[in-house]
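Undergrad: Just passing along the structure, written as structure tokens.
Derivation of every value follows stated rules applied to the coordinates shown; laboratory data play no part. Small disclaimer: the values here were computed from a predicted structure and weren't measured. When we count neighbours, we look across all protein chains shown, and the Cβ atoms used for this are built from the backbone with ideal geometry, even at glycine.
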Amino acid sequence: MRLNRSLLFVLLLAAGCATRPKETLPQTPRSFPADGLITQRAVLTARGRQFTLNGYLSLSATGGKRLIITENFGNVLADVLVKSDGAVHVMRSSQAFRQKWIERYVAADLECIFGDAAEGNCPVRMISPTHFVIDRFWYDLDLQIVEIKPGPQPSTMFDATAVKP
Amino acid sequence: MKKLVVPLAMISLAALAVAADSALQPVSNPGPILDDLQRKMSSLRSVHLEFTQERHLKLFTEPLKSEGVMLMERPNQIRWETTAPYQSILLGNDKSVAQFERTDGQWKKLKLGFPEMLKRVMEQMSLMHQGKVDALTRDFTVSVATGAVAVVTLVPKDKSVREMLASLEIRMQPDLSATREVVMNEPSGEFTKIIFRRERRDVKFPPGTFDQTKPTDIAAVKAAAGNAP
């Protein structure tokens, strides 16, 4: 599909060049349910071009975080599990989001907003409790939380040994 | 008892679904049906449809849903607007496409990464909903089955596309008078289903409905659609 090939090209450009955050900004405490499903809508800007993404984040107090990223019409671009101990497992990658990129940047951005890494090297600004901007050298991610459904998520979500979809 | 009833009900529903599909008869020569479809749709000047998009992923016990509105006006205007859980507008015609996102109460026009690619997708959507399925034969193998519903199935000819999209099904009323659902099947068994409802035909859309600089608010569009047949 030409659309996907072209999309991946730009994203790969961004991925290959994303090296370091511009700066670390002071963080504001934020609150998310320990267990729940958080739906996000994001605009990724790379080299002046913009792409919309949907994110579905399952949270478990004991299991960790599982994030699935799709494009407008539902294709899965990335699927990553970050365990409670911080271990990162890429469950699904795509030509648009390669494994290394997911490990290095998607997981890091996930921890910056939803994890305990807020005090670390996080180039994230909280515009409001549901609106965040991640500003890296080669890409910006404008992320809005559009829905939060508290409640336990299936335990299989957080099993890194489960068969990958 | 309740524990027994729920699985039984689910099995019954599943059986009904299987029965409905198994009752479908493949059509050996889809040409006349596709001609009929195009003829029926050719009189449409415009259409307003509401939709629910369901993303069925194996990991989730329930589909991930979004809601929105699709508008089309001949000869080539299309607007695909997601209204929940986020707000986004895609606009396309034969010359250009545009996308708007609503952030903090403001619409922002995006600098699209690959406008040509998005334009192509929008064109294909427009062709499908105008019944011009024969125009898609360059990219897809087309087959038809009829029964309780009429199903036009499009299988991508390009192998690399089939690795992402196994097939695309357009499910219509048996008399081909309206589209009920579009299902995008992936090789993994996961799929996206778009369910259409509240179809309004020959709507006189307000000025700016398809404007790629400042599109008219969807509330005004819906009000106009409410007056259509």
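Undergrad: Pairs of alpha-carbon atoms within less than 8 angstrom and 6+ residues apart define the contacts here; what relative contact order does chain B have, in percent?
TA: Details: 420 pairs, mean separation 45.8, N = 229.
Dividing the mean separation by the residue count of chain B yields 20 percent.
Undergrad: Can I ask one more? For B:K95 and B:V142, what is the calculated FRET efficiency with R₀ set at 25 Å and r taken between the beta-carbons, to the nearest 0.05?
TA: On the way: r = 27 Å, r/R0 = 1.08.
It comes out at approximately 0.40.
Undergrad: For a footprinting-style exposure proxy, rank A:H89, B:H56 by other Cβ within 10 Å, fewest first. Mind dumping the intermediate values first?
TA: Details: A:H89 20, B:H56 17.
So the ranking, lowest neighbour count to highest, is B:H56, A:H89.
Undergrad: Additional query: Show which aspartates and glutamates lie in cross-link reach of B:K65 when reach means a straight Cα distance below 16 angstrom and same-chain residues fewer than eight apart are skipped.
TA: Of all the aspartates and glutamates, those that pass the test against B:K65 - Cα under 16 Å, at least 8 places apart if same chain - are A:E71, A:E147, B:E50, B:E54, B:E81, B:E181, B:E190.
Undergrad: Say the cut-off is 29 Å between C-alpha atoms; which of B:K119/B:K214; B:K40/B:K222; B:K108/B:K132 go over it?
TA: Numbers: B:K119/B:K214 18 Å; B:K40/B:K222 24 Å; B:K108/B:K132 33 Å.
Flagged as over cut-off: B:K108/B:K132.
Undergrad: Using the Karplus curve 6.51 cos²θ - 1.76 cosθ + 1.60 with θ = phi - 60°, what ³J(HN,Hα) values do you get for each residue of segment B:67-73, in whole Hz, with x for Gly and Pro?
TA: 10, x, 9, 10, 10, 9, 9
Undergrad: If Rh is defined by the Kirkwood formula over all Cα pairs and Rg also comes from Cα, what ratio Rg/Rh do you get for segment B:101-191? Don't jump to the answer; show the numbers that get you there.
TA: Numbers: Rg = 15.7 Å, Rh = 14.9 Å.
So for segment B:101-191, dividing Rg by the Kirkwood Rh gives 1.06.
Undergrad: For B:55-62, what's the mean count of beta carbons from other chains sitting within 10 Å of each residue's beta carbon? Present the calculation step by step, with values, prior to reporting the outcome.
TA: On the way: counts 8, 1, 7, 3, 14, 7, 3, 2.
The per-residue average across the peptide is 6.
Undergrad: What are the semi-axes of the equivalent ellipsoid for segment B:29-178, taken as the square roots of 5 times the Cα gyration tensor eigenvalues, largest first, in whole Å?
TA: Values: eigenvalues 144, 74, 57 Å².
Equivalent-ellipsoid dimensions as semi-axes: 27, 19, 17 Å.
Undergrad: For segment A:41-72, list residues with backbone N below 14 Å from a point placed 7 Å from the Cα of A:S128 toward its Cβ?
TA: Taking a point 7 Å out along Cα→Cβ of A:S128, the residues of segment A:41-72 whose backbone N falls under 14 Å are A:41.
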